[in-house]
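This report refers to the structure that appears directly beneath it.
Please treat every number below as a calculation from the coordinates, not as lab data. Small disclaimer: the values here were computed from a predicted structure and weren't measured. Don't worry about glycine lacking a Cβ; one is built from the backbone with ideal geometry, like all the others, and counts go over all protein chains shown.
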Amino acid sequence: MALVATYTYLKNKIQALNLFEDIEKIEEEDSKNQRISTWVFLILLVLSIISLLVYASVTSVTETVVIQQPQITVYKDLQSKYPNTLVCPCQQILTEYSTFIVSLTAKFNQICSSDFVNEHWLNYVNYRPFTQIEYHYTFDFRHSAYSFFQMLQTLCTLVSHTINDQLIQFYSTTLLTDNLLSEETFLATILASKDQFLNTTTSLFQTSLSLLRTVVQGNSLVNRLQTNYYQQPLYYNGVCFTSSASAKYPPDGCSCGESSYCKTTTGIFTVLHKD
């Protein structure tokens, strides 16, 4: 009986709960509206408290922890755990590539290390005397061999000098960063710089070589063997003077005066002379 009485008492108190009750006597209808307002207020209050508790439970709280001069293993562990919030400022924001790149070794074409570009071979193919006219035939290999292999030797030397000069500039390039980079970002940056270095070096050498060929072709500069242009004697009013004429090569009759890319094949020829 006591339990029933207690339940009935609490029920009546809850039903009669009115936080907006006036001191003055009010009508029953107004009292009912006030009790409804009380329950609406209490329900909204409880829902607000629950929302705040849920928000607080799912919202992370940022705590700043400072670690002085961490080891690389510690940094990698922190980087894997806190990739979005970890900040590791650098004491030095500019670092030359030579600090962490030991060396870049160029791999040349095997022709540049062969016997065809050494002095012994050049002296061997330079045997023909200029006084013997049979060796002056333009398409004879003996006529152009020395200049051809000397050109290969020169190209190999120029390539080596170009790469060495570009490497000096590459090593002095600085990496600018105010925070420690992740290993993936660092490697991606270095690989991109390496690719840029290769492309720049290749383009620089090709541009220089193309410019040289254009200057020679455009200004009708005669080479030593006169295979691109040759001196042609002209007579005018009894006066002899020479002029440069462009050479033409089969099978398509390519003219060195119109293009710097004319080419042909050579061989060993026997020049017969009539007695």
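What the Cβ-Cβ distance of Asp252 and Asn123 gives, at R0 = 41 Å and to the nearest 0.05, is a FRET efficiency of 0.70. Between Leu221 and Tyr82, the FRET efficiency estimated from the beta carbon spacing at R0 = 51 angstrom works out to 0.15.
Once R0 is set to 51 Å, what does the formula 1/(1 + (r/R0)^6) return for the Cβ-Cβ distance between Tyr235 and Leu191, expressed as a FRET efficiency to the nearest 0.05? Show your work: numbers first, answer last.
Values: r = 66 Å, r/R0 = 1.29.
After rounding, the FRET efficiency stands at 0.20.
Rg/Rh for region 112-255 stands at 1.18; both radii use Cα atoms, and Rh follows the Kirkwood definition. How about region 196-275: which chymotrypsin sites (Phe, Trp or Tyr not before Pro) there lie in a loop by DSSP and see at most 13 other Cβ atoms within 10 Å? Counting only loop positions with at most 13 other Cβ atoms within 10 Å, the chymotrypsin sites (Phe, Trp or Tyr not before Pro) in region 196-275 are Tyr261. Taking amide hydrogens as placed 1.01 Å from N in the peptide plane, the amide H of Leu175 sits under 5 Å from those of Thr95, Glu96, Tyr97, each at least 5 positions away in sequence or on another chain. Relative contact order for region 112-255: what percent, with Cα pairs under 8 Å and sequence separation of 6 or more? Relative contact order comes out at 14 percent.
Full extension of the chain between Ser48 and Ile67 gives 2.9 nm of extra length, using 0.36 nm per residue less the Cα-Cα distance.
The residue among Asn123, Thr177, Leu209 whose Cα reaches farthest toward the positive pole of the charge dipole of region 112-255, with charges on the beta-carbon of Lys, Arg, Asp and Glu, is Asn123.
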